[in-house]
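Here is the structure we will look at.
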Amino acid sequence: MGDVRLAVYAVPLAVANTPTTPLKARFGEAIHLEGYTLLNNPLPPGDILQLALFWRTSAPLDERYKVFVHLYDANGRIVAQTDSEPGDGLMPTTTWEVGQSIVDRYGVLLPQELPPGEYRLVIGLYRLTAPEQRLPVWQGEKRVGDALELNRVTVHRLDARE
């Protein structure tokens, strides 16, 4: 008899085709975030953070990018994350057509031991072949860095919901 491994997958739920939080941000020269939907906030440790990002491109993309979804604590430490090509790898950016709306869903599993508190939800994109090369993020004419904070996520004790 060998070892048994148990895998837990964070499967995103279905969402509407329009974001509940409209937003205008540009990643690099042509990738536009038009908004997002955060399905469950607040939530307990061990739960799945459900996020949908709504993308559009204004020019053909010849580079494949990964999206990162990070949850940071007050000390700037990543406490939960997922990194994936859009559509869980099924919608690479090189297949996006100009003007096409892309609904990109993520499920981020929160650690069971995550303490109650407020956490920053941050996203960004980087080249598939060079993870250290994040795309710059613009809001209007202002460059805001190489990542975008979407929201704050509140984690509460399980008994706080009852």
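The values are calculated or read from the model by the stated rules, or taken from the named source; none is laboratory data. Note that the structure is predicted; figures quoted are calculated from it, not measured. Heads up, the Cβs are rebuilt from the backbone with ideal geometry, glycines too, and the neighbour counts pull from every protein chain shown.
Only residues that are of a type outside the set (S, T, N, Q), out of contact with any helix residue (DSSP H, G or I) (no Cβ under 8 Å at 6 or more places or on another chain), surrounded by fewer than 17 Cβ atoms within 10 Å (Cβ to Cβ) and part of a loop (DSSP other than H, G, I, E, B): list them for the range 92-130, please.
Those that are of a type outside the set (S, T, N, Q), out of contact with any helix residue (DSSP H, G or I) (no Cβ under 8 Å at 6 or more places or on another chain), surrounded by fewer than 17 Cβ atoms within 10 Å (Cβ to Cβ) and part of a loop (DSSP other than H, G, I, E, B): 97, 98, 99, 111, 113, 115, 128.
Test of understanding: among 60, 92, 86, which residue is of a type outside the set (Val, Ile, Thr), within 25 Å of residue 22 (Cα to Cα), at pLDDT 95 or above and in contact with a Lys or Arg (Cβ under 8 Å, 6 or more places away or on another chain)?
92
Is there any pair linking a residue in the range 36-47 that is more than 26 Å from residue 86 (Cβ to Cβ) to one that is surrounded by fewer than 18 Cβ atoms within 10 Å (Cβ to Cβ) and of a type in the set (Val, Ile, Thr), with Cβ under 8 Å and at least six apart or on different chains, and which?
Short answer, once both residue conditions are applied: 42/154.
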